[in-house]
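To keep things clear, I will list the structure first and then write my remarks on it.
The values are calculated or read from the model by the stated rules, or taken from the named source; none is laboratory data. If you're wondering where the values come from, they're calculated on a predicted model, not measured in any experiment. FYI the Cβ positions are ideal-geometry reconstructions off the backbone, even for glycines, and counts take in every protein chain you see.
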Amino acid sequence: MKKVLPVLTVFILIIIIVSIFLSMSSQKKMVTIQEGNHEHKPLDITLNHYQDTQCGMTIETLVHSVQAVAPDGKTWFFDDVGCFALWYKNIKFQKKATIWFIQMIQTDISTDVRLGIIKSIKHLWDTVSEHMKKRA
């Protein structure tokens, strides 16, 4: 009995741990790529259900989020422009991709910060535009 009890205890603990992990994995079911977007339009994002394709973070807000649609209708989701930029430089269909940026600037921030954000976005847009001109 002394030899059976420790083995039985370990076996029960392993079963409990495995069942916890299995129940957690079946509940989340995060979306990183959605297929079938042949109209190349932005898709509705359910917060905390979509995951950034590049970094794996859960998309918890639509502010600064990005969607990229491939010619075949696959849509990738990003929680911010930085992750999108890292992903974008390595794809093969850059010239044919449809990109959707969601930009929301809150009105309760100071003018200096808002102008800084706008200048950063303009700089990013100018950089992307230059890259697009070089590709053409």
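A few points about this structure:
- Residues in segment 34-83 that are outside any loop (DSSP other than H, G, I, E, B) and within 14 Å of Ile99 (Cα to Cα): Val66, Gln67, Ala68, Val69, Thr75, Trp76, Phe77, Phe78, Val81, Gly82, Cys83.
Residues are listed down the side, and each one gets a yes or a no for (1) modelled with pLDDT of 80 or more; (2) under 15 Å from Met30 (Cβ atoms):
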{"residue": "Lys41", "(1), (2)": "yes, no"}
{"residue": "Asp44", "(1), (2)": "yes, no"}
{"residue": "Thr53", "(1), (2)": "yes, yes"}
{"residue": "Glu60", "(1), (2)": "yes, yes"}
{"residue": "Leu115", "(1), (2)": "no, no"}
{"residue": "Lys119", "(1), (2)": "no, no"}
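- Taking the criterion of being farther than 16 Å from Ile91 by Cβ and surrounded by 16 or more Cβ atoms within 10 Å (Cβ to Cβ), the residues of segment 44-75 that qualify are Ile45, Tyr50, Gln51, Ile59, His64, Ser65.
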